[in-house]
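Inspection log for the structure reproduced underneath, given as structure tokens.
The values are calculated or read from the model by the stated rules, or taken from the named source; none is laboratory data. Given the structure is predicted, the values throughout are model-derived calculations rather than measurements. Counting neighbours? That spans all protein chains shown, and the Cβs are built from the backbone with ideal geometry, glycine included.
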Amino acid sequence: MEIVSLFSGAGGLDLGLIQAGNRVIWANDIDKDAVATYRENIGEHIICEDIKNIDVNDIPAADVVVGGFPCQGFSQANMLRELDDDRNQLYKFFYNVIKEKQPLFFIAENVKGILSLGKGAAIKQIVSDFEEAGYITEVHLVNMANYGVPQTRQRVIIIGQRKDLGTEMLFRFPSPTHTKDGDNKWISVKQAIGHFPDPDLENSVPNHIYSAYKVTYRNFTGHRKTDPDKPSPTILARGNGKGGVCAIPHYNGKRRLTIRESASVQTFPEEFYFIGSMNSCYRQIGNAVPVKFAKRLGEELLRLEKEMKG
């Protein structure tokens, strides 16, 4: 299928969709480093621009629109919000693209917390907005470890289908392939990154450098011990280019994960090269959708295309 990608970042979602056999024809992000990384590894079809400056009419029509919109405008204190709330301009842009372009399907990714905002009122409002735009929707809470990603990353995936395609959702959400216990167990962080050489010794692995931020253990995100026999904790994307990004501790307890190791936990290919400062690279990786999971979504789009053409 032909795909338009919004808030693309370094391209984790797009890469997985492409690996499955789809074609991303237009993409956008405001972060110049993420766009440089995307161009280096994926293609020249990404535009580096603030979406507030982009005319929806300049975006090509596509079968699918994908992206992860920020949700600041859905604060608990703001549940009576209007779509025009300034803080909702990014969500509004995603919504407007869906409404104006009317793709067959859309896929939106967001943090788990969007489900609990306003005691569930935010997600109800979002579903209602997309219904008004002409779509039936499904909301899925996903633990990426259940899909062979070596990380207990929980994210919300919203699938939309244009109403004229039928009242039943044709998109079959991918079934989990791994479980915490059982025959096909979760992949551990050691299985994913144990083969990398010591970054303190001379090596030729790209992006194999790490933050000098001291490892101190406390019961707080990014400061808990990493168990080598379990999936990694969630790879973080804190920091806006000015603050520090907190990389997950390596399971040896002596240092943080390198950029390359963090990318492998997010299932980027090992030849995928990140451009920018160390903090920028960590942030690009933390913001991404794991490539392996994205490929599963892409395979379902491919199945749907064949079914609809058949």
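Scanning the range 7-55 for residues that are over 18 Å from the mean Cα position of the chain (by Cα), at pLDDT 95 or above and part of a helix (DSSP H, G or I) gives a single hit, Glu40. Within the range 110-132, being surrounded by 19 or more Cβ atoms within 10 Å (Cβ to Cβ) and modelled with pLDDT of 95 or more holds for one residue alone: Phe130.
Is at least one residue of the range 129-141 under 19 Å from Gly16 (Cβ atoms), touching a helix residue (DSSP H, G or I) at 6+ places or on another chain (Cβ under 7 Å) and among the hydroxyl-bearing types (Ser, Thr, Tyr)? No: zero hits. Screening the range 32-61 for residues that are touching a Ser or Thr at 6+ places or on another chain (Cβ under 8 Å) and of a type outside the set (Val, Ile, Thr) and picking the one that is nearest to Asn287 (Cα to Cα) gives Ala34.
Taking the criterion of being among the hydroxyl-bearing types (Ser, Thr, Tyr), part of a loop (DSSP other than H, G, I, E, B) and at pLDDT below 80, would at least one residue in the range 220-241 satisfy it? Within the range 220-241, one or more residues are among the hydroxyl-bearing types (Ser, Thr, Tyr), part of a loop (DSSP other than H, G, I, E, B) and at pLDDT below 80.
You will find that of Ile59, Ile30, Ile47, the residue that is buried (at least 18 other Cβ atoms within 10 Å of the Cβ) and either closer than 21 Å to Pro103 by Cβ or free of Cβ contacts under 8 Å to residues at least 40 places away in the same chain (or both) is Ile59 and no other. Screening Lys214 against (1) under 22 Å from Ser277 (Cα atoms); (2) surrounded by 15 or more Cβ atoms within 10 Å (Cβ to Cβ); (3) at pLDDT below 95 leaves a single unmet condition, (2). Within the range 260-280, the residues that satisfy the criterion of being small (Gly, Ala, Ser) and assigned to a helix (DSSP H, G or I) are Ser262, Ala263, Ser264, Ser280.
Residues in the range 134-168 that are of a type in the set (Gly, Ala, Ser), out of contact with any strand residue (DSSP E or B) (no Cβ under 8 Å at 6 or more places or on another chain) and over 18 Å from Gly298 (Cα atoms): Gly166 only.
Taking the range 281-310 as the range and being touching a Phe, Trp or Tyr at 6+ places or on another chain (Cβ under 8 Å) and part of a helix (DSSP H, G or I) as the test, the residues that pass are Cys281, Gln284, Ile285, Val291, Lys292, Phe293, Arg296, Glu300, Leu301, Leu304.
Looking at the range 133-159, which of the residues that are under 25 Å from Gln89 (Cβ atoms) and of a type in the set (Val, Ile, Thr) is surrounded by the fewest Cβ atoms within 10 Å (Cβ to Cβ)? By that ranking, first place goes to Val139.
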